[in-house]
Amino acid sequence: VQLQASGGGLVQAGGSLRLSCAASGRTFSSYAMGWFRQAPGMERQFVAAISRVGDSPFYADSVKGRFTISRDNAKNTAYLQMNSLKPEDTAVYYCAARPSYSSAIYVGGYDYWGHGTQVTVSS
């Protein structure tokens, strides 16, 4: 499956962005999806994940209550709605797919990755 993330940009603290991850090449509904982010000089870290049917969303503590992961299997797209953004949310955001019902919270649990989209939050 090929993944293409989009929707990043520059936003002020407190603002919102919605990231999209468009999938092609295989049956999207066969894959659990995850979002990760990587700031300069830092390791890639887990943000959010969702099962292949859209249940059991799971979030990193740092984004819980502010970010929402969702998916539309009819549109072969996963989303990450990001509200109340903070400067520490600044990073390149990546979507990832895993050929499984359930999601995972670690980088190695995903087989397919999209190119990242830059999110910059100014203070």
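A short reminder: the numbers here are calculations on the coordinates, not readings from a lab. In this text, all values refer to a predicted model and were calculated from it rather than measured experimentally. Backbone-built Cβ (ideal geometry, glycine too); neighbour counts: all protein chains shown.
Among the residues here, residue 109 does not qualify as free of Cβ contacts under 8 Å to residues at least 12 places away in the same chain and not hydrophobic (A, V, I, L, M, F, W, C). Restricting attention to the stretch 65-87, the residues being within 16 Å of residue 37 (Cβ to Cβ) and either without any contact (Cβ under 8 Å) to a residue 40 or more places away in the chain or β-branched (Val, Ile, Thr) (or both) number 4. Scanning the stretch 55-78 turns up at least one residue that is under 15 Å from residue 4 (Cα atoms) and among the hydrophobic types (A, V, I, L, M, F, W, C).
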